[in-house]
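So the structure is just underneath, and the comments pick up after that.
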Amino acid sequence: MIGVVGGGIAGLSAAYRLQQRGHEVRVFEASDDLGGLAAVYETAGDPIEKFYHHLSKSEETIVELAEELGLGEDVEWRIGKNAYYVDGVVHPMDKPWEILSFPHWSLYDKFRLGMLTLDIDVRGGVPSFDTYERLEDFEDVPVEQFAREHTTQNVYETFFEPLLDAKFGDRKDDVSAAWLLGRIKFRGERDILKGEVLGYLDGGFGRLLDALVEAVGRENIETGTRVTDIDTADGAVTGLTAERDGETTTHDVDSVVVATMPNVLEDLTGYPCDIDFQGTVCSVVSMDESLMDTYWLNIADEAPFGALIEHTNFVPAERYGGEHLLYVARYIQSPEEDVWQQDDDEVRETWLSGIENLFPEFDRESVNWVRTARNPRTAPIYERGYVDMVVPYDLGDAVAEGVYYAGMASKAQYPERSLNGGVVAGYECADRIDGRADAATDRATPTTD
Ligand SMILES: Cc1cc2nc3c(=O)[nH]c(=O)nc-3n(C[C@H](O)[C@H](O)[C@H](O)COP(=O)(O)OP(=O)(O)OC[C@H]3O[C@@H](n4cnc5c(N)ncnc54)[C@H](O)[C@@H]3O)c2cc1C
């Protein structure tokens, strides 16, 4: 039997692939619900993810999985409009003419930013087309130094710095330029007349998780069951210990796939991982009316949240019983931060007064409900040297033969952690168990592929 630790998308994908190839699998999930970070709330219509989710056009493995599970027709590609809030004004930032009319940049600022996004290095006045090909060349370059040199001081201060503040807080100085370049390349496709093309699953990504659970078989999945130990003998895995309602059981296993955050891997196997993670406090606010015209609003002004994401400007409100759903989210760098310390009512007050400051016409009477999710580990800090800290899929040499890792610290989750990355990581472990891939490809060597 192969044991899978964690019933998020990575663990379920690993179990699905292994079972398809004839292995007996058993998934152990500590919480009462499956789905991990992709778990959902019920609404008056379709369920909604507790944390905002969409796909980028470059993410193909998850689309193939949806097709295999009979959901291919329901993957929809929609326009997710982006805007930037600066000095009390929402600036749409999708179409070339919107970017050209952004009043906080000179023509030269726009030219330098445009060239960077087109992968053309114009420093020194001579265009170079291959500077950004090898991301590893930028692994040790601080993101701020890179952005100032490869665009302009003003673009850094009015654009990159507020975004980095929102995403990494005071850890932004640690982030590598390779991450930024990887992110620019990862973004996928734009419709020049409409904006960024993003994917969603009609009915929510919970449907994909449900279909995976059905394919794996509910009888092969134990919820409310925390794996507390992995046993080895003579350099190979032999079993795992799981605890449910205070009762402990041991299971013989031939292999085990750990599909959790790396701190759980360390507790179970002693394998150390130095990647730092940040947390998130994220609420879904249901409103009678729409707040803004855009899907994704980045904020350069003072606000208690990093971004406002109006989901129902991406997916129609009719799917949620006509309610307008807004995500309000903040990344947390330290448990000392006020928002992390606040209870749900206080978080609600913090968010609503923050929205009132940005949008004086916002009427809190239009709010139906607010539901808040928080998790202390939701995204890695992609700091300099990150790729050397990535956890290999095959931990045969480092821990014991038969131990594999498919969690968020794996190669598939760089330069951005995603549902697709979870599927890929699960499949990569399945391939290694079957001898279809080898450890030489485990490290997160950054490439432009
Ligand atoms: C705010 C936010 C926004 C995001 N936006 C997007 C997006 O737009 N697009 C996108 O594709 N992705 C997005 N993601 C990322 C995506 O949600 C994750 O990459 C993905 O869900 C990770 O899946 P996973 O299975 O690796 O981990 P998880 O979902 O964390 O699952 C791990 C599971 O392991 C369980 N577990 C832990 N310890 C044990 C144990 N000892 N025994 C048994 N079980 C255990 C946990 O309870 C959990 O269910 C976002 C995430 C967040 C937080």
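The values are calculated or read from the model by the stated rules, or taken from the named source; none is laboratory data. Please read all numbers here as calculations on a predicted model, not as lab measurements. We place every Cβ from the backbone using ideal geometry, glycine too, and count neighbours over all the protein chains shown. Remember, those area values only see protein heavy atoms, side chains included, never the ligands or the DNA or RNA. Shrake-Rupley method; radii C 1.70, N 1.55, O 1.52, S 1.80 Å.
Computed from point charges on the beta carbon alone (+1 for Lys and Arg, -1 for Asp and Glu), the dipole magnitude for segment 108-186 about its Cα centre is near 320 Debye.
Amide H contacts for residue 239 (H built 1.01 Å from N in the peptide plane; partners 5 or more residues away or on another chain; cut-off under 5 Å): 231, 253.
Rounded, prolate or oblate: which one fits segment 278-388, using the alpha carbon gyration tensor with axes a ≥ b ≥ c (rounded when a/c is under 1.5, else prolate when a/b beats b/c, else oblate)? Cα axes put segment 278-388 in the prolate bin.
Here the relative contact order of the chain, from alpha carbon pairs under 8 Å that lie six or more residues apart, stands at 24 percent.
Which percent of the accessible area of the chain is formed by carbon and sulfur heavy atoms (probe 1.4 angstrom)? Of all accessible area on the chain, carbon and sulfur atoms account for 44 percent. Across segment 130-142, coupling constants 3J(HN,Hα) worked out from phi with the 6.51/-1.76/1.60 Karplus curve, θ = phi - 60°, read 10, 4, 9, 5, 9, 4, 4, 5, 10, 4, 9, 8, x Hz, and Gly and Pro carry x. Accessible area per residue for segment 16-60 is 44 Å², calculated with a 1.4 Å probe on protein heavy atoms, without ligands, DNA or RNA.
Per residue, what accessible area does segment 209-349 have, given a 1.4 Å probe and all protein chains present, in Å²?
I get 44 Å² per residue for segment 209-349.
Using only the Cα atoms of segment 108-186, build the gyration tensor, take square roots of its eigenvalues as a ≥ b ≥ c, and label the shape rounded, prolate or oblate: rounded if a/c is under 1.5, else prolate if a/b is larger than b/c, else oblate. It is oblate, given that a/c is not under 1.5 and a/b is not larger than b/c.
Counting charges near residue 292 (Lys, Arg +1; Asp, Glu -1) among other residues having Cβ under 12 Å from its Cβ returns a value of -3. The mean sequence separation of alpha-carbon pairs under 8 Å and at least six residues apart, normalised by the residue count of segment 108-186, gives a relative contact order of 35 percent.
Toward the positive end of the charge dipole of the chain, with +1 on the Cβ of Lys and Arg and -1 on the Cβ of Asp and Glu, the farthest Cα among 339, 391, 145 is that of 145.
Close amide H partners of residue 375, meaning residues 5 or more places away or on another chain with modelled amide H under 5 Å apart, are 280. Counting every pair of alpha carbons in segment 65-215, the share spaced more than 26 Å apart comes to 40 percent. Coordinate range of the alpha-carbon atoms in segment 1-136 per principal axis, descending: 61, 42, 30 Å. Think of it as helices only: each DSSP H run of n ≥ 4 in the chain is worth -39500 (n - 2.57), and spread over all residues that comes to -7500 deg cm²/dmol at 222 nm.
If only the Cβ of Lys and Arg carry +1 and only the Cβ of Asp and Glu carry -1, the dipole of the chain around its Cα centre is close to 980 debye. Taking amide H positions as modeled 1.01 Å from N, with prolines and chain starts lacking one, the residues under 5 Å from residue 299 and 5 or more places away or on another chain are 85. Applying a threshold of 31 Å to the alpha-carbon distances of 81/172; 194/411; 110/172; 95/411 flags 194/411; 95/411 as lying beyond it. Within segment 250-289, the proportion of Cα pairs with more than 15 Å between them is 63 percent.
The stretch between residue 97 and residue 346 holds 85.6 nm of extra length on full extension. This uses 0.36 nm per residue minus the Cα-Cα distance. The alpha carbons of the chain occupy a box of 65, 56, 45 Å along the principal axes, longest dimension given first. Just so you know, the averaged projected area of the alpha carbon convex hull for segment 135-257 sits at 14.2 nm². Using only the Cα atoms of segment 1-47, build the gyration tensor, take square roots of its eigenvalues as a ≥ b ≥ c, and label the shape rounded, prolate or oblate: rounded if a/c is under 1.5, else prolate if a/b is larger than b/c, else oblate. Prolate, because a/c is 1.5 or more and a/b exceeds b/c.
The residues of segment 108-186 expose on average 45 square angstrom of accessible surface per residue, using a 1.4 Å probe on protein heavy atoms.
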